[in-house]
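Trainee: One structure is given below, represented as structure tokens, and several questions about it will come after.
The values are calculated or read from the model by the stated rules, or taken from the named source; none is laboratory data. Since the structure is predicted, the reported quantities are computational estimates derived from the model, not experimental observations. Cβ: placed from backbone, ideal geometry, glycine included. Neighbour counts: every protein chain shown. Heads up: the accessible areas ignore ligands, DNA and RNA and are worked out on the full protein's heavy atoms, side chains in. Shrake-Rupley method; radii C 1.70, N 1.55, O 1.52, S 1.80 Å.
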Amino acid sequence: MKIIILTYHSHHVLGPHYQDNDHIAFPQDLELITSAGYRIVSLGSIVSALEAHQSGQLLAQDFQDMRYVGLTFDDGPIFDVENFTHPSYGFQRSFLGAMRDFAATHAGRRQPELHATSFVIASREARRIIESTLDKEYTFLTSGSLSDEWWGPAISTGLIAIGNHSWDHLHPALPAVAHSKQARGDFREVTTVEDADRQILRAAQYIAERTHGKAAPLFAYPFGQHNEFLTNQYFPNARKTGKIDLRAAFTADPIPLTGDENIWSLPRYVCGHDWKSPAELLRILNG
């Protein structure tokens, strides 16, 4: 059994090469994943398989035979779905465009369940500030590039889901964040129900409103950071009581799924960090 979840950032455009531009890496990776014998499926399908396995509803052998890849995009730039021209590196094909291009190829026709989930930041004000205070060592953003106007149309394509990436990411550039102690840059500091509600519940409500209730019931931890309170208390209790309509949460721990994971701390690999070349991705897939 091998289930791998991969993460890309459409604002990671630092050069014209695979290792410094996710728009170069992503289309190559779609081909590589397919040639390595993996099925690309939605995160929802992966979560359903994991739930069925852990509840005993899926035969152990059926689970062991799975070779799945899930695709995720973080932070929610419009570059996930719209082409753009970088001032130094020229035309960049959007992730959605790359998926459509791939789907039209022979290899793409072997991936009928091609799908990705874009995890977006909810707070409009936070997004506006992040756009204007970008980290030029990692990020390319422009005015309006973190808008939410594209969320609904993206869902309508059938290729992209919209997930929850918190209210304001506890982003270090923000003058104030939705946290009782103004903890910036470390989501592990979310250790109370009140702070979790500010970051997760409030975001879920806004994203649901903006997507007319069509958002995916999935959460990705900002910076990939999680803690025992969130994974073992807040999320299980919120799901049990129906407080939040969420099914799973995703970290940035670079390991494959084994089937034994806590549903609230599912691991993901990050492009440009955990792998920087096709060869390195192939090692992850074949490892």
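Trainee: Count, please, the residues in segment 178-193 that happen to be closer than 21 Å to Ser132 by Cα, without any contact (Cβ under 8 Å) to a residue 24 or more places away in the chain and of a type outside the set (Lys, Arg).
Mentor: Qualifying residue count, segment 178-193: 2.
Trainee: Against the condition surrounded by 16 or more Cβ atoms within 10 Å (Cβ to Cβ), over 21 Å from Asp148 (Cα atoms) and either polar (S, T, N, Q) or touching an Asp or Glu at 6+ places or on another chain (Cβ under 9 Å) (or both), how does Arg39 come out, does it pass?
Mentor: Numbers: surrounded by 16 or more Cβ atoms within 10 Å (Cβ to Cβ): yes; over 21 Å from Asp148 (Cα atoms): yes; either polar (S, T, N, Q) or touching an Asp or Glu at 6+ places or on another chain (Cβ under 9 Å) (or both): yes.
Yes.
Trainee: Please go through segment 153-167 and pick out each residue that is assigned to a helix (DSSP H, G or I) and either open to solvent by less than 70 Å² (accessible area, probe 1.4 Å) or in contact with a Ser or Thr (Cβ under 9 Å, 6 or more places away or on another chain) (or both). If you could, list the steps in order and put the result at the bottom.
Mentor: Filtering segment 153-167 for residues assigned to a helix (DSSP H, G or I) gives 153-156.
Answer for segment 153-167, where residues must be assigned to a helix (DSSP H, G or I) and either open to solvent by less than 70 Å² (accessible area, probe 1.4 Å) or in contact with a Ser or Thr (Cβ under 9 Å, 6 or more places away or on another chain) (or both): Ala154, Ile155.
Trainee: Could you look through segment 91-104, keep only residues that are free of Cβ contacts under 8 Å to residues at least 60 places away in the same chain and not hydrophobic (A, V, I, L, M, F, W, C), and pick out the one that is most open to solvent (accessible area, probe 1.4 Å)? Can you show your working first?
Mentor: Residues of segment 91-104 that are free of Cβ contacts under 8 Å to residues at least 60 places away in the same chain, as a first pass: 91, 97, 100, 103-104.
After this cut, where a residue has to be not hydrophobic (A, V, I, L, M, F, W, C) as well, the list is 97, 100.
Values: Gly97: 4, Arg100: 126 Å².
Of everything passing the filter in segment 91-104, Arg100 is most open to solvent (accessible area, probe 1.4 Å).
Trainee: Now for a different question. Can you give me the ranges of the helices (runs of 4 or more DSSP H) entirely in segment 168-265 with at least 2 residues that are of a type in the set (Lys, Arg)? Lay out the reasoning, then the answer.
Mentor: Details: elements: 193-196, 202-210, 235-241.
In segment 168-265, 202-210, 235-241 are the helices (runs of 4 or more DSSP H) which contain 2 or more residues that are of a type in the set (Lys, Arg).
Trainee: Checking the condition under 30 Å from Asp20 (Cβ atoms) and at pLDDT 95 or above, which residue from Gln205, Gln225, Gln182 passes? Step through it out loud before you land on a result.
Mentor: Working: Gln205 fails: under 30 Å from Asp20 (Cβ atoms); Gln182 fails: under 30 Å from Asp20 (Cβ atoms).
Residue meeting the stated conditions: Gln225.
Trainee: I've got another one for you. Out of Asp245, Asp186, Asp195, Asp253, report the one residue that is under 20 Å from the mean Cα position of the chain (by Cα), over 30 Å from Ile284 (Cβ atoms) and among the acidic types (Asp, Glu).
Mentor: Numbers: Asp186 fails: over 30 Å from Ile284 (Cβ atoms); Asp195 fails: under 20 Å from the mean Cα position of the chain (by Cα); Asp253 fails: over 30 Å from Ile284 (Cβ atoms).
Criteria check complete, one pass: Asp245.
Trainee: A follow-up question, please. From the list Arg128, Arg109, which one is open to solvent by 10 Å² or more (accessible area, probe 1.4 Å), farther than 15 Å from Glu149 by Cα and of a type outside the set (Gly, Ala, Ser)?
Mentor: Working: Arg128 fails: farther than 15 Å from Glu149 by Cα.
Of the residues listed, the single one that is open to solvent by 10 Å² or more (accessible area, probe 1.4 Å), farther than 15 Å from Glu149 by Cα and of a type outside the set (Gly, Ala, Ser) is Arg109.
Trainee: Out of Thr231, Thr251, Thr241, Thr211, which single residue is farther than 21 Å from Leu170 by Cβ, among the polar types (S, T, N, Q) and crowded, with 17+ Cβ neighbours inside 10 Å?
Mentor: Answer to the check: Thr211.
Trainee: Report every pair of residues separated by at least 6 positions or lying on different chains whose Cβ atoms are under 7 Å apart, first residue within segment 1-22 and surrounded by fewer than 17 Cβ atoms within 10 Å (Cβ to Cβ), second among the polar types (S, T, N, Q) and not in a loop (DSSP other than H, G, I, E, B).
Mentor: Between residues of segment 1-22 that are surrounded by fewer than 17 Cβ atoms within 10 Å (Cβ to Cβ) and residues that are among the polar types (S, T, N, Q) and not in a loop (DSSP other than H, G, I, E, B), the close pairs are Gly15/Asn21.
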